[in-house]
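Working notes for the structure below.
The values are calculated or read from the model by the stated rules, or taken from the named source; none is laboratory data. The shown structure was predicted, so the numbers you read here are calculated from the model rather than taken from an experiment. Glycine gets a Cβ as well: all are built from the backbone with ideal geometry, and neighbour counts include every protein chain shown.
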């Protein structure tokens, strides 16, 4: 099995070396970048599986890098999972990172074991989204005018492509895959993150908010079930 290739985007040499050391020791392949601009260049020329991205960088900020990735270049790197690794750990900073397209958020100082576990989790989820081998899950979900291709990691609304982060894509696949079913916030957390991470319901709410905006008119199909969670309400359910 090929090594997981991680791009570490960090301008502080000591932290960059510490993170790289732990990743290499754990069997990862590592590429480093000192700035956001260099990170995007590395993404264009190398096969990266995950990005560890510092929030505060010289020039282009980590948030800007993440947004640029999500816009993508011919779908080259917009689906690559991003983990924000930063000293800014206030709730508003976490929310800003998630809204900017990050899939996870780890604050400094961090546990190397937790960092390694989270990288493995987001890479596994990303790989599963792009090449789902589970026969119990449909590769393509079609409901109303919405088409979700899990193999290609693409979402189209009436033929027009919508760009989603890995986490947004996972949430939409879960909800639209079973129209009318109500999923609790914890069920959504378990589905998109795994069972061993402290991801708050607030973070899920932020992801759903961003997903609704990107879906436009279809955003209203994702309904909030007060006190429980969310569901996708298909117009097909109202037909006789």
*Got at least one residue in the range 83-102 being touching a helix residue (DSSP H, G or I) at 6+ places or on another chain (Cβ under 9 Å), at pLDDT 85 or above and within 20 Å of residue 154 (Cβ to Cβ)?*
no
*Identify, by number, the condition in (1) surrounded by fewer than 18 Cβ atoms within 10 Å (Cβ to Cβ); (2) assigned to a loop (DSSP other than H, G, I, E, B) that residue 44 doesn't meet.*
(2)
*Taking residue 28 as meeting all but one of (1) surrounded by fewer than 17 Cβ atoms within 10 Å (Cβ to Cβ); (2) over 30 Å from residue 205 (Cβ atoms); (3) modelled with pLDDT of 90 or more, write down the number of the exception.*
(1)
*Restricting the search to the range 59-69, which residues are modelled with pLDDT of 90 or more and assigned to a loop (DSSP other than H, G, I, E, B)?*
60, 61
*Residues being closer than 14 Å to residue 202 by Cα, within 14 Å of the chain's Cα centre (by Cα) and either assigned to a loop (DSSP other than H, G, I, E, B) or in contact (Cβ under 8 Å) with a residue 40 or more places away in the chain (or both): count how many of those fall in the range 85-102.*
5
_For residue 74: the one exception among (1) modelled with pLDDT under 90; (2) in contact with a helix residue (DSSP H, G or I) (Cβ under 8 Å, 6 or more places away or on another chain); (3) not in a helix (DSSP H, G or I)_ = (2)
_Candidate set from the range 155-178 (those that are without any contact (Cβ under 8 Å) to a residue 40 or more places away in the chain and surrounded by fewer than 22 Cβ atoms within 10 Å (Cβ to Cβ)); member that is nearest to residue 105 (Cα to Cα)_ = 174
